[in-house]
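Quick note: the coordinates plus some simple rules give every number you see, no bench work behind them. As the structure is a prediction and not an experimental result, all values here were calculated from the model. Every residue, glycine among them, receives a Cβ derived from its backbone with ideal geometry; neighbour counts consider all protein chains shown.
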Amino acid sequence: MMNVIWHKEPVIETDRLILRPLTVADAKAVMEWCSDERVSKFMSYTGYDDINIAKDWLGSLADEKTEWNWGFVLKENGKLIGSGSIGEDNFMQGYWGFGYNIRYDCWNKGYTTEAMKAIISFAHNELGVNKICSDHAVDNPASGRVMEKCGLTFHHYGEYSKLDGSVTFKAKFYTMEIEK
């Protein structure tokens, strides 16, 4: 696996999406899904109630060296509908973990699976990543289905908490090893 020191996310095209780097100019669109309790309920962040929080997060991505982040843009109308990332995992040594979130009105349409398959392919083909992991709250099985459709299989139960420590979730952890 390549040790990434500096990078810029490339634009990746799928059948229905354009995956592109996120910028501070995306703050309003990011707020639309990050402030929606249905979307943020199981995320590690607490729902954004201030556009400056979104701007701060988006601004920090320019300096990010260990994680690759993309916005999911619909080809049909140019609308930013979600985001996803992949980077070296802090808990499972040797694995790269991924995460995602998407607007509520775009759930159950296959967009997240389509985007994450492309991101996993990029990580494997361009960065030499062959061990992938992710997790989801047990009470959020739809997220587990995304992981399964991306080729991951159940590995173990565990837990994770929101960044502010306000909630801890029982979680299912998934892994995948791709042939080199």
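How far is it, in nm, from the label point at Thr14 to the one at Arg145 when both lie 7 Å from their Cα along the line to the Cβ?
A separation of 1.5 nm, rounded to one decimal place.
For the pairs Lys117/Lys170; Lys75/Lys172; Lys79/Lys180, flag any whose C-alpha to C-alpha distance is greater than 30 Å.
Lys75/Lys172; Lys79/Lys180
With each pseudo-label sitting 7 Å past Cα toward Cβ, what's the Phe91-Thr113 distance in nm, one decimal?
Distance between the two pseudo-spin positions: 2.5 nm.
Along the Cα→Cβ direction, 7 angstrom out, place labels at Asp36 and Lys75. What is the inter-label distance in nm?
2.3
Just the number: Rg to Rh for segment 12-177, Cα atoms, Kirkwood Rh, two decimals.
0.93
Given N residues in segment 66-128, what is Rg(Cα) / (2.2 N^0.38 Å)?
Taking the Cα Rg and dividing by 2.2 N^0.38 Å, one obtains 1.18.
Placing unit charges on C-beta atoms (Lys and Arg positive, Asp and Glu negative, everything else neutral), compute the dipole magnitude of the chain about its Cα centre in debye, rounded to 20.
I would put it at about 360 debye.
Place the peptides 152-163, 86-97 in order of packing, highest mean first, counting for every residue the other Cβ atoms within 10 Å and averaging per peptide.
86-97, 152-163
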